[in-house]
1. Conditions: (1) loosely packed, with under 12 Cβ neighbours inside 10 Å; (2) under 22 Å from ARG221 (Cα atoms); (3) more than 21 Å from the chain's Cα centre (by Cα). ARG139 meets all but one. Number of the miss?
2. State which residue pairs qualify: first residue assigned by TED's automatic domain parsing to the domain that holds ARG76 and at pLDDT below 90 and inside segment 255-281, second residue surrounded by 20 or more Cβ atoms within 10 Å (Cβ to Cβ) and acidic (Asp, Glu) in any location, beta carbons under 8 Å apart, and separation of 6 or more residues or different chains.
3. What pairs can you find where one residue is in segment 80-105 and under 18 Å from ALA268 (Cβ atoms) and touching a residue at least 24 places away in the same chain (Cβ under 8 Å), the other is surrounded by 14 or more Cβ atoms within 10 Å (Cβ to Cβ) and of a type in the set (S, T, N, Q), and their Cβ atoms are less than 8 Å apart, with a gap of 6+ or different chains?
4. Any chance you could count how many residues in segment 51-95 are among the basic types (Lys, Arg) and under 20 Å from ALA281 (Cα atoms)?
5. Take GLY220 and tell me if it is more than 21 Å from LEU246 (Cα to Cα) and at pLDDT 95 or above.
Amino acid sequence: MFLALQIPGLSPDQSTLIIALFAVVIGGGAIAITLAFVVRGRRMRRFREGPGDPSVPAPTDPWRRFAGALAAPYARSEWQATKGARRRHAPEQVFFGFASALPFPMAVSQLSRDWGVKNAATADAVCIERVSRALTGARTVLCAVPELDSDAVRERLAEAGAPEEAVDMLELDTLVEIREMEGVVDGAEERRDALAFDVARFANLVRWSAYVGFHSAERGREDLDVLATCALVAADGWGDYGSRYLRGLAQSGYGGFRHGGMKRYEKAIAWLMSDAASPWAQTPWGAR
C-alpha cells in the first residue's frame, strides 16, 4: 500500500517509512482514546451502581446521619463553590450520605490530587492508613485524660451510639496499662484539636471514595463508624467539634494554601454552627 505513495522530495523508501510512522501514530492515538473511553465508562458504571448515585436516598438512622455530617465542613464548602451549577443530589444526600456537589470528574481529580487515590485499590490503602491514624490520635487523647476509666469511657461512647466493634478498636484496657506505666500524655487540648481536624478530612476522603465508586456503601460505613467514634473522643458537641476543627486546621497549615485557605472553612463552620438549615442543627451529637 505504501509503495504506491511517494512524498515529493523524498525517495520511495523514505516516503514509505514516514507514512508507516504516521499510520502507527494515528493508530496508537486511536487506541489510547478508545482505552480512555473504556476506563471512563467503567468508572461511570461504578458510580451509577455505587452509593453516590443520585437514586440512593440519604440515611435516616441517627448514627449514620451523625457520622456522615462529620465531613460537613467540606460538603458545605463544595456546595458553595458549585452554587448555581446544576446539581444531581439533594442537600441531605451530600451532607449525610456518600454524595457530593462536585461533578464526578472533578471529584476523581480531587481524590488523585489531594490523596493520591486513583482507583479502588489505592482508596482502600489510603483509607486504611488514615482511619488507623485517627485511631492512634484518639488513643493519645485518651491517654491525656488525668483519670482514665476504661469502663466509663466505653459506657459513654455506647450511650452516644458508637458501635461496639469501633469502640473495641480503641483498645481501652490497653490504654489504661500504658497510662499506668508512662503517665499522662501532655498537650491534651491540642491533640483533641488535631483529632477533630483529622476526623473531618478523613470522613470527607471516605465520602468522596464512595461517591466515585471506589468504596462500597458497606466499606464506607465501616470507616465512618470508626471515625465517628474518634469524633466522640475529640469533642463534646457540634460547636466544640467545629471550633476544634478550625484550630486543628490552623495548626496543620493545610488550609493556608489549599482549597481557598482558612476563610473558606471558617465560613463553612460559621454556617454549620448557626443556620437552622445546617446538618449540624438538624442532627444530635452522636445518636442520642
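1. Answer for ARG139: the failing condition is (1).
2. Sorted first by the residue in segment 255-281, then by its partner, the list stays empty.
3. As it stands, the answer is HIS89/SER100; PHE96/THR283; ALA99/GLN93; ALA101/THR82; LEU102/THR82; LEU102/GLN110, since those pairs meet every condition given.
4. Summing the residues that are among the basic types (Lys, Arg) and under 20 Å from ALA281 (Cα atoms) in segment 51-95 gives 3.
5. yes
The values are calculated or read from the model by the stated rules, or taken from the named source; none is laboratory data. Keep in mind it's a predicted model, so treat the numbers as computed, not measured. As a convention, Cβ positions derive from the backbone with ideal geometry for all residues, glycine included, and neighbour counts pool all protein chains shown.
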